Every structure is written in C-alpha cells, then in structure tokens.
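Reading through the structure tokens given below for one structure.
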Amino acid sequence: MLPASIIAKDGKEMLLIPSGEFWMGSEEFEPEMPLHRVLLPDYYIDKYPVTNADYKRYMLESRTLPPRHWKGFEIPTGLENHSVHRISWYEACGYAEWAGKRLPTEAEWEKAARGTDGRRWPWGNVFDENNCLVWDRGEFLDTLPVDAHPGGASPYGVCEMVGNVEEWTADWYDGFPGSTYKGKAFGKFFKTLKGGSSFFTQNHARCAYRCFTRPEDSGIDGLVGVGFRCVLDAPAR
C-alpha cells in the first residue's frame, strides 16, 4: 500500500492522489468542453504551492536568479510562507527538476483540486469567500500565506489550489479530445494555467477554469503573477 503522504527532496509534504477516473472540464464554457472522464495512475502532489522560502533554498543551491518582484536576492519581509510567483514556466521547470519532480499535467492538477465528483470548487459546489483569496473578497492583496485557507482544501487535502496565485501546468493550452471548439489560442503557443488568483473572480477559481500565457512570461510588475506546485510519479503498487 502506498503511503498517504511523503516528504520530498525539497522538504515539502506531498499527498497521494490515488489512481482512477475523474470528471474533467465542464459544459459551461467552450474552452472547457466537453465534460469528460479521464483515467490517471497514482501520483503525489505538493500539499501547498512552492513558497518564497522554498524557492530561495533552490536559488542558493542552483545559483539561479530570484523572482523579479523580490527586487534583489532577499525575500520581501513577511512573505516567506507566501507562494512564489512572477516566474516563468521555464523557471518553474528548473525548480521541479532540482527537486526531483515535475510540473503537473492539467489533468493531474484538476483531479487533485476537485476529486472525482466534478465539483466546481475544491471544497464543493457553493462558493465560500473564506476559502480562497480572489477579487470578490475586496481585499486587493497580492498573496496570503499558503496555509491561510484550510477550509478550501480539496477532497484529497491539497491546499490553496484556487485563488492566491495561478499555477503553471506542463501542458500546452489546446482543445480537449472530442471538442469542436477552435480556440484561436489553441496549439503549442501557450501553457495552461489553473486555479485563478487574487486578481481574478470566483469564476476563475473554479476547478475546471483554464487560462493561458506564454511559457517565457514572468508577469507584470505590480500584479500578482503565476506560481506552481510539483508532482511526483508514485511507484507501481
């Protein structure tokens, strides 16, 4: 039997997402269509997004550059346990490789966020502004600590999957199998983002919501950018 959680090379706790099918996508918006079943094997995912403190450890060991909003090599005061953000997809991949992990596919991210029942948000089908940091709250904060919303955990216990910062996935932004929608952004141009952020509303925080940006994009000064978490393939049972 696989353990329910492990501690990875980078010191982060990872939670088991057991093998099986889940509902992916929705019938609400064309880029999310069709609602379909996806079968995934066992894998582990970071319980929390990669934090500024996590990223600084990586920086010191790998001699990489800091995120642009730090404005130097030191974490802004008080933001150690906040999600790292305003980094590119390539920088996120660099961290993942250093940690012995990889970025999640869009399907892996979505299953970890919503479980198997097709729910709208990680905690259920009724929005609760106490469970995530989005524009609806009217706080207009960039980020909060990654453990600020325990009530927003997914069915697997994965936290801060929606709101706060958007998260990179490994996948190109493209149509799902069976989709008849021909999105102008579809193709091998943009990487898929998931989860919404403090800059967007609750609609962007839905588990099925898809956004996109170029992999080299590291964000805009003064705005919350994209963060990430990692996954790890589970050993065969």
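The values are calculated or read from the model by the stated rules, or taken from the named source; none is laboratory data. Fair warning: this is a prediction, and the values are worked out from it, not measured in the lab. Cβ sites come from the backbone with ideal geometry, for glycine too, and all protein chains shown count toward neighbours. Note: areas computed on protein heavy atoms with side chains; ligands, DNA, RNA excluded. Shrake-Rupley method; radii C 1.70, N 1.55, O 1.52, S 1.80 Å.
Here is how the numbers come out for the structure above:
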item: Over segment 83-237, relative contact order from alpha-carbon pairs under 8 Å, at least 6 apart, %; result: 33
item: Fraction of antiparallel bridges per DSSP, segment 113-237 only, in percent to nearest 5; result: 80
item: Over the chain, equivalent-ellipsoid semi-axes from the Cα gyration tensor in Å; result: 25, 21, 18
item: Residue 15 accessible area, 1.4 Å probe, all protein chains in place, Å² to nearest 10; result: 20
item: Ratio of the Cα radius of gyration of segment 146-237 to 2.2 N^0.38 Å, where N counts its residues; result: 1.19
item: Peptides 37-43, 115-121 ordered by average Cβ neighbours within 10 Å, highest first; result: 115-121, 37-43
item: Straight-distance crosslink candidates among lysines, where the alpha carbon sits under 17 Å from residue 12 and sequence neighbours closer than 8 are dropped; result: 47, 56, 101
item: Mean ellipticity per residue at 222 nm, deg cm²/dmol - from DSSP H runs of n ≥ 4 across the chain, formula -39500 (n - 2.57); result: -3500 deg cm²/dmol
item: Rounded percent of accessible protein surface that carbon and sulfur make up, the chain, 1.4 Å probe; result: 56
item: Computed E for residue 27/residue 6 - FRET, C-beta separation, R0 22 angstrom, nearest 0.05; result: 0.05
item: Max mean-square fluctuation residue, GNM over the chain, Cα-Cα springs under 10 Å, options 65, 193, 133; result: 65
item: The chain: antiparallel DSSP beta bridges as a percent of all, rounded to 5; result: 95
item: Surface per residue (accessible, 1.4 Å probe) for segment 1-152, Å²; result: 47
